[in-house]
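Notes follow the structure.
No value in this document is a laboratory result; all are computed from the given coordinates. In this text, all values refer to a predicted model and were calculated from it rather than measured experimentally. We place every Cβ from the backbone using ideal geometry, glycine too, and count neighbours over all the protein chains shown.
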Amino acid sequence: MRAMDYRGPRRVRIQDKPMPVIQHPRDAIVRVTRSCICGSDLHLYHGMVPDTRVGMTFGHEFCGVVEAVGSAVENLSIGDRVMVPFNIACGQCHFCKQGLFGNCHESNAQATAVGGIFGYSHTAGGYDGGQAEYVRVPYADFGPTLIPDWMDPDDAVLLTDVVPTGYQAAEMGGIQKGDTVVVFGAGPVGLLAARSAWLFGAGRVIVIDHVEYRLEFARTYCPAEVYDFREIGDPVVFIKKLTDLGADVCIDAVGADASGNAWHTLFGKKLKLEAGNAVPLHWAINSVRKGGVVSIVGVYGPTGNVIPIGNVVNKGITIRANQASVKRLLPRLIDHVREGRIDPKAIITHRLPLEDVAEAYHLFSSKLDGCIKPMLVPTPD
């Protein structure tokens, strides 16, 4: 089969790879018809995530058609159209029973924190991902979800990560009716977090970024007030003045690849002495009101970051963070899509064949051609 192949930071290509095979009775093989490049894939692409090994296939947002199933898989049949959550979750361990599917204790034996993730380095289990024509799906009797007949596959593929992650970012904020919510980052996750904030009752939604075309997209899609942090001086002072006491909820939807602070860029992105540039987290902690909530879905590596923990304590801030538990959220999100409250496919700006994966990464990473969300089409429907 043809599959994306990682050759080192900022170097990916298409490669012939062996077809995946059933390795366990709970496995399935899925022929991939849609696969997106996620903002967190760029952390891998930029060399920000430890133990990202040459030869790995990325891709944790994908949907497709079941081609084969293991002997223990009874809920899927060959030919079923499925969306596959990015979490690889067994559905049976202590954490899965609590709905913490991003923290499955069985799918990533080397970790004490995150569970398995498709195509996300050996820190997340070393599983090959879905930027390929075919992919092996472990625990297929639990994870994959049938795509409703009425649903566009372009919507379905985004329900495997970006929509649940944005939605859970808003959910973890504990948004109350009328709250002011500030979202740092106007990438796909930030856009969905801002749009989801309205569903939880927000009275005001503000998005901070520095890429003009993304801010314009956020203005209409979310919809939200938008500000370029390069033009507002100190973002913390600006937000406090804009909101009087500070935001009720701040969401970090950026993570390790942030811009906006030379010190964090040097130590976190260049020298890698921190787990990336954590400046959005600083801004979130310092601009949320006393007693407010900071929700973190931006991805950072497993090493440490310098953050103002004293301000967290002295302001009485609640911090909530996790990988999105996709399977838990899917019933609600499918309903939101059916009723038109969320329009996932509207964020897809580029559709490319799998053979053009290197160009897709370049467009997304370099923020060219108005790229918000690139989607790959490995095989036809």
Rounded, prolate or oblate for the stretch 16-91? Axes are the square roots of the Cα gyration tensor eigenvalues, ordered a ≥ b ≥ c, and the cut-off for rounded is a/c under 1.5. prolate
Debye-sum result for the stretch 316-381 in log10 I(q)/I(0), which assumes one identical scatterer on each alpha carbon, at q = 0.21, 0.23, 0.24, 0.25 Å⁻¹: -0.98, -0.99, -0.99, -1.00
Per-residue ellipticity at 222 nm for the chain, helices alone: DSSP H runs ≥ 4 residues times -39500 (n - 2.57), over residue total, nearest 500 deg cm²/dmol? -7000 deg cm²/dmol
Using just the C-alpha positions of the chain as equal point scatterers, what log10 of I(q)/I(0) does the Debye formula give at each q in 0.09, 0.11, 0.12, 0.14 1/Å? -0.47, -0.72, -0.86, -1.19
Note on the stretch 155-205: the mean projected area of its alpha-carbon convex hull, in nm², is 3.1
In nm, give the distance between the simple-model label positions of residue 213 and residue 303, each being 7 Å from the Cα along the Cα-to-Cβ direction. 3.3
Ranked by Cβ crowding within 10 angstrom, fewest neighbours first, how are 200, 62 ordered? 200, 62
Would you mind calculating the relative contact order of the chain from Cα pairs under 8 angstrom and at least 6 residues apart, reporting the percent as a whole number? 18
Would any residue of the stretch 165-187 have its amide N under 15 Å from a label point 7 Å out along Cα→Cβ of residue 244? List them or say none. 178-181
Give, in whole angstrom and from largest to smallest, the semi-axes √(5λ) of the equivalent ellipsoid of the stretch 164-321, with λ running over the eigenvalues of the Cα gyration tensor. 22, 17, 15
Give the calculated FRET efficiency between residue 290 and residue 355 to the nearest 0.05, with a Förster radius of 51 Å applied to their Cβ-Cβ distance. 0.45
Expressed as an acute angle from 0 to 90° and rounded to the nearest 10, what is the orientation of the C-alpha long axis of helix 357-366 relative to the principal long axis of the chain? 0
If each of residue 149 and residue 320 carries a label point 7 Å out from its Cα toward its Cβ, how far apart are those two points in nm? 3.7
Cα gyration tensor of the stretch 65-144, axes a ≥ b ≥ c as square roots of the eigenvalues: rounded (a/c below 1.5), prolate (a/b > b/c) or oblate? oblate
Highest first, please rank the peptides 236-247, 174-185 by the mean number of other Cβ atoms sitting within 10 Å of their residues. 174-185, 236-247
Residue 362 and residue 98 label points (each 7 Å along its Cα→Cβ direction) are spaced in nm at 4.6
Computed for the stretch 164-321: size of charge dipole around the Cα centre, +1 on C-beta of each Lys and Arg, -1 on C-beta of each Asp and Glu, debye to nearest 20, value 280
Excluding same-chain residues fewer than 8 positions from residue 367, which aspartates and glutamates have a Cα within less than 15 Å of its Cα? 41, 209, 212, 216, 257, 359
In µm²/s, what is D for the stretch 85-219 at 37 °C and 0.692 mPa s, where D = kT/(6 pi eta Rh) by Stokes-Einstein and Rh is the Kirkwood radius from Cα pairs? 198
C-alpha long axis of helix 326-338 to longest principal axis of the chain, angle in °: 80
Please give the length that would be gained between residue 261 and residue 46 if that part of the chain were fully extended, namely 0.36 nm times their separation in residues minus their C-alpha to C-alpha distance (nm, one decimal). 75.6 nm
For residue 338 and residue 77, what does the FRET efficiency come to when R0 = 30 Å and r is the distance between their Cβ atoms, rounded to the nearest 0.05? 0.80
Largest first and in whole Å, what are the equivalent-ellipsoid semi-axes of the stretch 1-160 based on the Cα gyration tensor, each being the root of 5 times an eigenvalue? 23, 19, 15
